[in-house]
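K.L.:
My questions will all concern the structure given below.
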Amino acid sequence: MKNIKKIAYFFGALIFVQLFYSGSIPIVKAQGESSNSYFQDLDYTKPYVYEVIQFGDSAGWYNFSAWPNSFEGNWKSNASGQIRINFNGFYDKDPNDWGNIFGDPIPWYDIEIYENSLGTLNLNFTLSNRSNSEVARALTLGYNNFQPGFLIPNGNLTNVKELALNQSDPGGLYDIVGDIDIEESYNFLYIDFEQNDGGQKTSLIYDRFSGLLVWAKTNIFGYLLEINSLNFTIEDSLIYNVIKFSGDTGWYNLTGGFEGDWSTNSGGQIIANLTGYYSKDPNDWGNVIDDPIPWFNVEIIENETGILTTNFTIANRSNSELGWTFILGYNFFQPGFILHIIDNLTRVKKLAIKESSGFANGLVLISETPLTMKIAFEQTDGNGDQETSMIYEKRTGVLLWAYTSIGDYSLEIKLDDYIPWESTETDTRPGLNFFLDIFPYILVALISILIITTSLIASRFKTDLKKYNKYILVAVIAVASFTSFFIFSSSIKISEENEPLREVNDLILIVDYGNGTETTWESFDLTNYNTTAFDALSRWCKVEITDYGERGIIVESINGLKKGWLYTVNDISPGVSAEKYNLKDGDIVKWTCN
């Protein structure tokens, strides 16, 4: 019943807005060029195609004119259907636009929606020359007055992010309050909006270099749409800036042949130019990642007092060979520069964890953001020489950042200007949230004061009531205390992930085995972004875990003791999985056998 009311309110509001405005969609002529704030190389001669991954419930299309002229008909698609858009040009918004915070001019285009019937695409719905605002609202590719649709002005991504954040709760009559999460990787900008009462959830991913929508999943009141761009391709040339390098190195191909020594330094570069996807070298030492795999031409550059000088080049080498050479992998898990099976994250995780033992035995830690996956390996047997951490972009599989070391060799690189784990979250109207947090306590205090004051005034006129004042006072204090405690208990929120640090120092780890035995490790450091509460434990202990993906891990065994294990940081339970809690300098981590 509650959902039916929500739907009724939604459509009622929609019709009201349409009745409020009048006018019609202007007839415009395509000018075929981009506004300066938008991507300058849009193709006006071909459609941009999106495959429909999920679709639920047919939907009505409404333009910006007054009801009933606004209704254009019902449209629908299905899994493996398509949505195609053809850009016409950039013009001012419709005069009756319900509201879009993006300034004029904005994109206009033709749109076609297809259904898939037994492998055949059938045109279900088409409209010509419609604004990005109208299409965004019709497909729910936005929220409130933030309606980015199929194209954002990528000339100023900072402004786009600010606009997105400011629409979390703009305060309009029909605007909805929600939480917003924003993340940037090398190729993508991710914007996620989730309505506080669960009505709407809209996730959008845009190509940072073109501003085009790459992927979207949006749902509201039974309507569901997930689409994926069929036009997006990755760059052939991957340029990595060298942050750190040390150690003498030689290049050996997969037949064991020596190809020469190579070197770089801080400020240098490693350039990997993709030549294609082919079968592995017949003499591949072993790579659990299936054919076909990427092959590259590689150029290694040194920085000599600001001058970039080529130190070493090699042509047409497999991703396996690059993985082994640069230590961008461990054992037979050699993802190298492109982890091309990234579209199957479950399989990636299984392969990464399976190869935790082999030539080197160690611990594998996998963690994720909406756009990226981090895979970290730390050797625990022998001298514990190897430490390898790699961050890959989920949708492309491209290596974004890596730190790896073994013996005297160490290398830290990052793709262009990528910053590891860069993510921004916002709370909705912090000032309002603070007031709402303390309002229940204010209300309890006011009611208590009112009752006590009323009792005292009444007893002045009826003296026989004075004997009850102390009982009323005790009762009010007791009820107020209990109510305040109940409100406080109900308002306790689970801690969110804090910001990861490259290095944390002066840590203390305590392991309480529950049998009167405690072991303590003091004044140690964690580095290379392996700085979580779980990293502190695995640094000193042999650990067995169960990985539940995005929900995190459960520690099943520490040093062979298989019981329930819980952890605290500075005597406080963080409320998130240990591999998601990032430590700070001086933290005390305690693991207790439950």
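The values are calculated or read from the model by the stated rules, or taken from the named source; none is laboratory data. Computed from a predicted model, the values in this text were never measured in an experiment. Neighbour counts are summed over all protein chains in view; Cβ atoms, including those assigned to glycine, are modelled from backbone coordinates with ideal geometry.
K.L.:
So if I check each of Tyr223, Tyr240, which one is surrounded by 14 or more Cβ atoms within 10 Å (Cβ to Cβ), of a type outside the set (D, E, K, R) and within 30 Å of Asn144 (Cα to Cα)?
P.N.:
Tyr223
K.L.:
Please verify whether segment 314-326 includes one or more residues that are more than 25 Å from Leu254 (Cα to Cα), in the same structural domain as Trp295 (by TED's automatic domain parsing) and of a type outside the set (S, T, N, Q).
P.N.:
Among the residues of segment 314-326, not one is more than 25 Å from Leu254 (Cα to Cα), in the same structural domain as Trp295 (by TED's automatic domain parsing) and of a type outside the set (S, T, N, Q), which makes the answer no.
K.L.:
Still on this structure, I have one more. Looking only at segment 551-574, decide whether some residue is among the basic types (Lys, Arg), modelled with pLDDT of 85 or more and not assigned by TED's automatic domain parsing to the domain that holds Pro440.
P.N.:
Checking segment 551-574: not a single residue is among the basic types (Lys, Arg), modelled with pLDDT of 85 or more and not assigned by TED's automatic domain parsing to the domain that holds Pro440.
K.L.:
Scan segment 128-142 and tell me whether some residue there is farther than 23 Å from Asn69 by Cα, of a type outside the set (Lys, Arg) and modelled with pLDDT under 95.
P.N.:
No, that holds for no residue.
K.L.:
Filter segment 42-97 for residues that are among the aliphatic types (A, V, I, L, M), out of contact with any Pro (no Cβ under 7 Å at 6 or more places or on another chain) and in contact (Cβ under 8 Å) with a residue 40 or more places away in the chain and give the result.
P.N.:
Leu42, Val49, Val52, Ile53, Ala59, Ala66, Ile83
K.L.:
For Pro148, only one of the following conditions fails: (1) assigned to a strand (DSSP E or B); (2) crowded, with 19+ Cβ neighbours inside 10 Å; (3) out of contact with any Pro (no Cβ under 7 Å at 6 or more places or on another chain). What is its number?
P.N.:
Every condition holds for Pro148 apart from (1).
K.L.:
Continuing with this model, one more query. Ile300 - would you say it is in contact with a Ser or Thr (Cβ under 7 Å, 6 or more places away or on another chain) and within 26 Å of Ser356 (Cβ to Cβ)?
P.N.:
Here the answer is no, as Ile300 does not meet what is asked.
K.L.:
If we only count strands (runs of 3 or more DSSP E) wholly inside segment 59-121, which ones have 1 or more residues that are more than 13 Å from Val135 (Cα to Cα)?
P.N.:
71-75, 82-91, 106-117
K.L.:
Name the residues in segment 566-577 that are among the hydrophobic types (A, V, I, L, M, F, W, C) and over 26 Å from the mean Cα position of the chain (by Cα), would you?
P.N.:
Leu566, Ile572 - these are the residues of segment 566-577 that are among the hydrophobic types (A, V, I, L, M, F, W, C) and over 26 Å from the mean Cα position of the chain (by Cα).
K.L.:
Determine which member of the set Asn498, Asn469 is at pLDDT below 80, farther than 30 Å from Asp181 by Cα, of a type outside the set (A, V, I, L, M, F, W, C) and outside the structural domain of Leu537 (by TED's automatic domain parsing).
P.N.:
Asn469
K.L.:
Okay, moving on. Of all residues in segment 301-330, how many are closer than 18 Å to Asp236 by Cα and more than 33 Å from the chain's Cα centre (by Cα)?
P.N.:
Total meeting the criteria: 4.
K.L.:
Would a scan of segment 186-204 turn up a residue that is in the same structural domain as Gly56 (by TED's automatic domain parsing), outside any loop (DSSP other than H, G, I, E, B) and more than 28 Å from Met373 (Cα to Cα)?
P.N.:
No, because not a single residue in segment 186-204 is in the same structural domain as Gly56 (by TED's automatic domain parsing), outside any loop (DSSP other than H, G, I, E, B) and more than 28 Å from Met373 (Cα to Cα).
K.L.:
When you scan segment 510-565 for strands (runs of 3 or more DSSP E) that lie fully inside it, which ones turn up with 2 or more residues that are under 26 Å from the mean Cα position of the chain (by Cα)?
P.N.:
In segment 510-565, 543-547, 553-558 are the strands (runs of 3 or more DSSP E) which contain 2 or more residues that are under 26 Å from the mean Cα position of the chain (by Cα).
K.L.:
Another one. Of all residues being among the small types (Gly, Ala, Ser) and assigned to a loop (DSSP other than H, G, I, E, B) in segment 575-588, which is modelled with the lowest pLDDT? Just the residue, please.
P.N.:
Gly575
K.L.:
Sort out which residues of segment 98-113 are within 18 Å of Gln54 (Cα to Cα) and without any contact (Cβ under 8 Å) to a residue 40 or more places away in the chain, and write them in order of number.
P.N.:
Answer for segment 98-113, where residues must be within 18 Å of Gln54 (Cα to Cα) and without any contact (Cβ under 8 Å) to a residue 40 or more places away in the chain: just Ile113.
K.L.:
Which numbered condition trips up Val214, out of (1) at pLDDT 95 or above; (2) part of a loop (DSSP other than H, G, I, E, B)?
P.N.:
Looking at each condition in turn, Val214 falls short on (2).
K.L.:
Suppose we keep only residues that are among the hydroxyl-bearing types (Ser, Thr, Tyr), surrounded by fewer than 16 Cβ atoms within 10 Å (Cβ to Cβ) and in contact with an Asp or Glu (Cβ under 8 Å, 6 or more places away or on another chain) within segment 507-549. Which one would you say is farthest from Asn361 (Cα to Cα)?
P.N.:
Among those residues, the one meeting the criterion is Ser523.
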